[in-house]
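Notes to accompany the following structure.
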Amino acid sequence: MSFIGTQQKCKACEKTVYPVELLSADGVPYHKSCFKCSHCKGTLKIMF
């Protein structure tokens, strides 16, 4: 049995984003740790 991973790439680092790491903003995939403020580089979190 072979594992077929996702083909989604993080917009920030261009590496594969697996479902457990996925944070999608406006349909664009990011790793949770790569979703940062472009000004201060602080990690951002989505609050519902």
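So here's what we get for this one:
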| quantity | calculated |
| --- | --- |
| For the chain, radius of gyration divided by Kirkwood radius, i.e. Rg to Rh on alpha-carbons | 1.04 |
| Computed lengthening from residue 12 to residue 45, 0.36 nm per intervening residue step minus Cα-Cα distance | 10.4 nm |
| Surrounding net charge for residue 45, when Lys and Arg each add one and Asp and Glu each subtract one, Cβ distance under 15 Å | +2 |
| Among 40, 20, 7 - extreme Cα towards positive end, dipole of the chain, charges at beta-carbon | 40 |
| Peptides 36-43, 8-15, 22-29 ordered by average Cβ neighbours within 10 Å, highest first | 8-15, 22-29, 36-43 |
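Values in this text are rule-based calculations from the coordinates and carry no lab data. What you see is a predicted model, and the numbers here were worked out from it, not measured in a lab. Because the Cβ atoms are built from the backbone with ideal geometry, glycine has one as well, and the counts that use them run over all protein chains shown.
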